[in-house]
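Below is one structure, written out as structure tokens; the observations come after it.
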Amino acid sequence: MLAGMLQDIFQRFSGTFVDLVAEQEIAGPCAANLDKMVEHVVDEVSPRLRAIPGYARSLRGPVVTTFRYIDEIVEAIPDPLLCCRSAYSDDPRINAFFVSPQHIQEVFSQSRDVRDLFEANPLADECWALMCMRQQERSQLGMALVDGQVRKDVMQTAVSFTDHQVMSPGIDEATARCALKCCMFTGLLAHIQRRASEARSRAADLDNRIALAQRRLRGLGEDAAREQARGELRAEIRRLQDQLSEDGLRLPTLNDHLRFVADSLSHPADFLSANTRSLHLSRLAIKLEKGSNEPGYDLTLPEIHIASHAPRISTLVRFPREELLPEQDFLKQADLFLSL
């Protein structure tokens, strides 16, 4: 239900978040959903925040800021790539991302979400989704044209893409983009909750260690023979107290916790980003230097970074139903592969 409301907000406001400011009140039919999403934020990060008067008013603007930011970066992601067997020879990007036309079919056919989407939408000819991958590079000896001569002992860097994951599939591009926005928002909330929990655990641990050291210090009494031990304990207490004061995220009170959540949602760029970088590759996926005489092409790689997760190569894709492998045949192929 909450996921549906979140999608509804992104769908209703898509393309118009840019016109909103964090302090602006949202009126109309979306206001009720936004209030419910503020409550969802509190449920996810800490229900105890409801004890603070005006907590919802403090979070409403920051939530709009996060919605607007996520909407902007997802809408800026390039148009989806068509992933099909014919594209493997026609599109150098598809050629780089997959090892064969069969590999394209296998990546999408092994996705339970893709299969469920097609089963739930029998009239859908294609699915749209986010595809995430990891880039790998390895050094190898190969052939290259050097000073007009072909050499077979040239050290080259081969680029490949692995660990393909098809995420947030939808029946059209708008639905897929909306699902990605929901995924990013959910990931940010999980990161905020985790950081707050870790901060409280660190502070509690330091408080306990300080209290233990103080009890040990009192237990030494005033015996002059134990002065060295007392000095060592005083130094340990000062070190722990300094560490506690230097910790930028302690959250000793509920108000501190609320300010942390509001600040995190007010600065989503600190935790969410979408960037691009380029590679110059040969058709055999060998990295080429700029200005190389060998035929090649520029491959633009979009990267999405969600909170504490490592950035991953991420691109919107579309896949035709007609190339989905039969489930039974696909499982047989997987068993044969594993038995080799």
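The values are calculated or read from the model by the stated rules, or taken from the named source; none is laboratory data. Bear in mind that the values here come from a model prediction, so they are computed numbers and not experimental data. For neighbour counting, all protein chains shown are included, and Cβ atoms are generated from backbone atoms with ideal geometry for every residue, glycine included. Ligands, DNA and RNA are stripped out before the accessible areas are found, and what is left, the full protein with its side chains, is counted by its heavy atoms. Shrake-Rupley method; radii C 1.70, N 1.55, O 1.52, S 1.80 Å.
Taking the criterion of being out of contact with any Ser or Thr (no Cβ under 9 Å at 6 or more places or on another chain), aliphatic (A, V, I, L, M) and touching a residue at least 24 places away in the same chain (Cβ under 8 Å), the residues of region 50-73 that qualify are A51, L59, V63, V64, I70. Scanning region 148-183 for residues that are open to solvent by 60 Å² or more (accessible area, probe 1.4 Å) and modelled with pLDDT under 85 turns up G148, Q149, V150, R151, K152, D153, M155.
When region 245-261 is limited to residues that are farther than 16 Å from A307 by Cα and in a helix (DSSP H, G or I), the one that is modelled with the lowest pLDDT turns out to be E246. Filtering region 90-117 to residues that are closer than 19 Å to P169 by Cα, out of contact with any helix residue (DSSP H, G or I) (no Cβ under 6 Å at 6 or more places or on another chain) and not in a loop (DSSP other than H, G, I, E, B) leaves F97, H103, I104, E106, V107, R112, D113, R115, D116, L117. Looking across region 213-239, the residues that are within 40 Å of the chain's Cα centre (by Cα) and free of Cβ contacts under 8 Å to residues at least 24 places away in the same chain come down to E236, R238, R239. Just so you know, in region 104-132 the residues that are over 22 Å from V74 (Cβ atoms) and of a type in the set (G, A, S) include one that is surrounded by the most Cβ atoms within 10 Å (Cβ to Cβ), and it is S109. The set of residues in region 110-147 being more than 26 Å from R277 (Cα to Cα), charged (D, E, K, R) and modelled with pLDDT of 85 or more consists of R112, D113, R115, D116, E119, D125, E126. Looking across region 57-73, just one residue is over 19 Å from K181 (Cβ atoms) and surrounded by 16 or more Cβ atoms within 10 Å (Cβ to Cβ), and that is S58. Close contacts from region 307-327, counting a first residue that is without any contact (Cβ under 8 Å) to a residue 24 or more places away in the chain and on the phi > 0 side of the Ramachandran plot and a second that is open to solvent by 10 Å² or more (accessible area, probe 1.4 Å) and assigned to a strand (DSSP E or B), with Cβ to Cβ under 8 Å and a gap of 6+ residues or different chains, come to none at all. Scanning region 113-135 for residues that are closer than 24 Å to H305 by Cα and either more than 20 Å from the chain's Cα centre (by Cα) or not small (G, A, S) (or both) turns up D113, V114, C127, W128, L130, M131, C132, M133, R134, Q135. A search for C-beta distances below 8 Å between a residue of region 94-114 that is closer than 24 Å to K287 by Cα and any residue that is among the acidic types (D, E) and assigned to a helix (DSSP H, G or I), counting only pairs 6+ apart in sequence or on different chains, returns I104/E323. For region 133-145, residues that are open to solvent by less than 30 Å² (accessible area, probe 1.4 Å) and under 19 Å from L299 (Cα atoms) total 1. Scanning region 293-318 for residues that are open to solvent by 20 Å² or more (accessible area, probe 1.4 Å) and over 13 Å from the mean Cα position of the chain (by Cα) turns up N293, E294, P295, G296, Y297, D298, T300, R318.
Let's see how each residue does on (1) among the charged types (D, E, K, R); (2) in a helix (DSSP H, G or I):
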position: D163; (1), (2): yes, no
position: K181; (1), (2): yes, yes
position: M184; (1), (2): no, yes
position: R200; (1), (2): yes, yes
position: D207; (1), (2): yes, yes
position: G221; (1), (2): no, no
position: R230; (1), (2): yes, yes
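Among the residues of region 265-282, are any open to solvent by 40 Å² or more (accessible area, probe 1.4 Å), small (G, A, S), modelled with pLDDT of 80 or more and assigned to a helix (DSSP H, G or I)? Checked region 265-282: at least one residue is open to solvent by 40 Å² or more (accessible area, probe 1.4 Å), small (G, A, S), modelled with pLDDT of 80 or more and assigned to a helix (DSSP H, G or I). Taking every residue in region 194-211 that is open to solvent by 40 Å² or more (accessible area, probe 1.4 Å) and pairing it with any residue that is part of a helix (DSSP H, G or I) and of a type outside the set (S, T, N, Q), at least 6 positions away or on another chain, the pairs with Cβ-Cβ distances below 7 Å are R209/L240.
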